[in-house]
Amino acid sequence: MDEQQAARLRTPLYEWHVAHGARMVDFAGWSMPIQYTSIIDEHVATRNAVGMTDISHMGRLRFEGPGAAVFLAELLTRRVGDMQESQIRYSLVTNEQGGIMDDVLVGYYHNANGQPFYVVVVNASNRRKIVDWVHAHLPPERAERPGHEVIFTDVTRLWSMFAVQGPRSVELLQPLVDVELPWMRYYRGAQARILHPAAQRQGGIVSRTGYTGEDGFELSVGATIAADVWNAIVELGRPLGLVPAGLGARDTLRLEAGMPLYGHELDEHVDPFQAGLGFACHLTGYDFPGRDALRTIREQPRKLVRVGLEMTGRRVARQGARILGGTDTIGEVTSGTFSPTLKKPIAMAYLRREYAEPGTVVSVDVRGRMEPARLVPLPFYRRNNQGA
Amino acid sequence: MNPDDLLYAETHEWVHVDETPDGKLATVGITAFATELLTDLVHIDLPAVGTAVEAGQPFGEVESVKSVSDLNSPVDGEVVDVNDAVTEQLDTVSNDPFGKGWLIKVKLAGEAALPNLMDRAAYETQCREQEE
C-alpha cells in the first residue's frame, strides 16, 4: 500500500467492504467501494428488491442555537424558516455570481431537550469547501452574537449513513425502527430508536430520501455502532434479496433517474436555472450569497439547458464529449453510462436551447467518431408506483 | 488455449502465434484479469478484416459500464479474421477469454520477433503488482 492510499479517509464500514471483496477506489479523498460483484447486478437488485450503499463519506454539517435558522437562510438558496419538524428540503449553496458551490439536503429536527437543530448533507467532494464557506460567513462575532448564537459542527466522522433503496426497503427496515415507515412521506425524516441489540440502545435518523429513483431510506447511526447495524441489516435483508451496492451502481441509478451530480451536471460555472434547479431558489426572502445575481440570471433567456440523450449505437458518450449540430459545437455531455434498465447507453448533457427539443437527433463526438443520439425527456427511468 | 502457451502485453492482451502454410498467424484476445477488472462489459468494437494493425497501437475498444479502454495490438500485421460472435455475445469474452472469446486473427508482417511481450509468469507478476 502506498502513502496515498494510506492517507485516504475510511468510513466505519471500510473493513467490511474489503472483507466482502469490494473494489476500493478513491472518491473525494475517501477509500470507497465502487462495486462488490458487478455494477449491473447491484443496480438491478436495487431496482427489483433492495440495495444498501455506504454513504458515510457524505458530509454532515450540524447547525443549532437560536441564530441557526437565520444563518442558514442567509447561506442557502432556499428558505428554511418555514420547515416543519422532520422535514427535509433540497437546496443549493451558491457563490456571489450565482454559480453552484454545492447541492445539499437540509433536515430540521429537535433534540431530546426540545432544542431545534439542522443537519445539512453536503457532497463529500465539497465538504471542506463548504466548511470553509461556513466559517467565512460565521466569524466569532456572528456565531456568538447574544441571543442569536450559531453552533456549527462538522459531524461527518461521528455519524455513519447508509442508503437503503428499492421496492423492498420498507419491509426490510420496518422491524429495525420504532417509526411507521409506510406512512413516512417522501422528504421526511424521523429520529428513531433502533430496535436491535447491535445498536446498543443508540438512536438514529431515518429519512425517506435517496438518489436512485426508487422508494427508499437513508439511515444515520453513530459511527461506533455502524458496522454492527450494517451487519444486522445485511442478515435481515438476505431473504429479501438485499445486495450491498457500491458507488458504481449509485451512479448508474441516479443517472437513470435524471438526478444531477456535483462535478458533472453541477459546478461553480453552472447556475441553478441552467441546471433545471430553479425550484430550489427562493429569491424574495433572506439575502444569501448570489441572490442578486440569480435575480438577474432568472430574467435572461437560457442559453443552455440540461437534456437527456439516448445513444443509437452501443458506444457510451461520457463526460466531456462534444455535441455537434452540423459543424458547430452545440453542447457537451456531463455524465454518460450504459443504462442497465434500458440496456443502451444514456447521457445527460447541456445543450443550446434552440436544439433541445425531445426527438431531435444530434451527433456526439465519442473519442473521435461521431455517434447519433436522440434527445429524450428526463428522467430516463420512473418507477411504476410513485406512492410514497 | 492454454494460458501457459500465450504471450502477454502490458495492456492485458494475449497473443498466440501459429505457423501456417501462409506464414505466421496470431490469435489475439484479452486476459481473464482484464475481463475481471472490467466486469460489466457492454460493448466491444473490433476492426474489419483487412485492417492493418501495429504493435502497441489500438485496434479496437472495450467498454464497461464504468469506463472505456483501447484494445492494443500486440503484433504488426493485417487482420484476416474477426470474432464477430463476441460483439453480440459479450459473455463469451468474460467466460472464456482464452478460448471462444478470442477477438481477432492477424497475419504477421514479416518474420519479426515479438518484442515487449511477457510470458505467463512475468504477466502474472505484473497483475499482482497492479492489484496492490
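Assorted remarks:
- Compared with the direct C-alpha span, the chain from A:Glu357 to A:Thr224 gains 42.8 nm at full extension, assuming 0.36 nm per residue.
- Percent carbon-and-sulfur accessible area, segment A:59-154, ignoring ligands, DNA and RNA, probe 1.4 Å: 50
- Modelled spin labels at A:Asp154 and A:Arg10, positioned 7 Å past Cα toward Cβ, are 2.0 nm from each other.
- Accessible area of A:Met311 in the full protein assembly, 1.4 Å probe (Å², nearest 10): 10
- Between B and A, accessible area buried - total, square angstrom, nearest 100, 1.4 angstrom probe: 1500
- Solvent accessible area, Å² - B:Phe98, 1.4 Å probe, full protein context: 40
- A:Lys343 paired with A:Glu171, simple spin-label distance in nm, labels 7 Å along Cα-to-beta-carbon: 2.5
- Taking chain A and dividing mean pair separation by its residue count, relative contact order in percent (alpha carbons under 8 Å, at least six apart): 18
- Segment A:Phe117-A:Arg382, length gained on full extension (0.36 nm per residue, minus Cα span): 92.1 nm
- Taking segment A:166-221 and dividing mean pair separation by its residue count, relative contact order in percent (alpha carbons under 8 Å, at least six apart): 32
- For segment A:302-376, the relative contact order comes to 39 percent (Cα pairs under 8 Å, sequence separation of at least 6).
- Residue of B:Glu19, B:Glu63, B:Glu78 that the Gaussian network model of chain B assigns the largest fluctuation, springs spanning Cα pairs under 10 Å: B:Glu19
- Put A:His43, A:His196, A:His269, A:His135 in order of accessible area, highest first, and with a 1.4 Å probe you get A:His269, A:His135, A:His196, A:His43.
- Each of A:Arg302 and B:Gln89 was given a label point 7 Å from its Cα along the Cα-to-Cβ line. The distance between the two points is 4.6 nm.
- Count of lysine pairs in the protein assembly as shown with Cα separation under 27 Å (8 or more residues apart, or interchain): 8
- The distance linking segment A:119-182 with segment B:90-132 is 49 Å (Cα centroid to Cα centroid, whole angstrom).
- Those residues of segment A:209-241 whose amide nitrogen sits under 15 Å from the label point placed on A:His20, 7 Å along Cα→Cβ: A:219, A:226-241
- Burial of accessible area (probe 1.4 Å, heavy atoms of protein chains only) in segment B:38-76, relative to its chain alone, reaches at least 30 Å² for B:Thr39, B:Asp40, B:Val42, B:His43, B:Asp45, B:Glu61, B:Glu63, B:Val65, B:Lys66, B:Val68.
- The solvent-accessible area of B:Thr35, taken with every protein chain present and a 1.4 Å probe, is close to 10 Å².
- Value of Rg to Rh for segment B:3-112 (Rh from inverse mean 1/r over Cα pairs, i.e. Kirkwood): 0.94
- Residues of the protein assembly as shown: accessible area per residue with a 1.4 Å probe, Å²: 45
- Mean-position separation - Cα centroids, segment A:231-283 and segment A:320-388, in angstrom: 18
- Restricting the chymotrypsin sites (Phe, Trp or Tyr not before Pro) of segment A:181-215 to loop positions (DSSP other than H, G, I, E, B) with no more than 14 neighbouring Cβ atoms within 10 Å leaves A:Tyr186.
- In segment B:90-132, the residues whose accessible area drops by at least 20 square angstrom when the other protein chains are added to the isolated chain are B:Glu132; the probe is 1.4 Å and only protein heavy atoms count.
- What a 1.4 Å probe finds exposed on segment A:260-372 is 50% carbon and sulfur by accessible area, rounded to a whole percent.
- With all protein chains in place and a 1.4 Å probe, the accessible surface of segment B:1-126 carries 47 percent carbon and sulfur.
- Between A:Leu236 and B:Glu54, the C-beta separation translates, for a Förster distance of 51 Å, into a calculated FRET efficiency of about 0.35.
The values are calculated or read from the model by the stated rules, or taken from the named source; none is laboratory data. Just so it is clear, the model here is predicted, and its values are computed rather than measured. In this analysis, Cβ positions are derived from the backbone assuming ideal geometry, glycine residues included, and neighbour counts consider all displayed protein chains. Note: areas computed on protein heavy atoms with side chains; ligands, DNA, RNA excluded. Shrake-Rupley method; radii C 1.70, N 1.55, O 1.52, S 1.80 Å.
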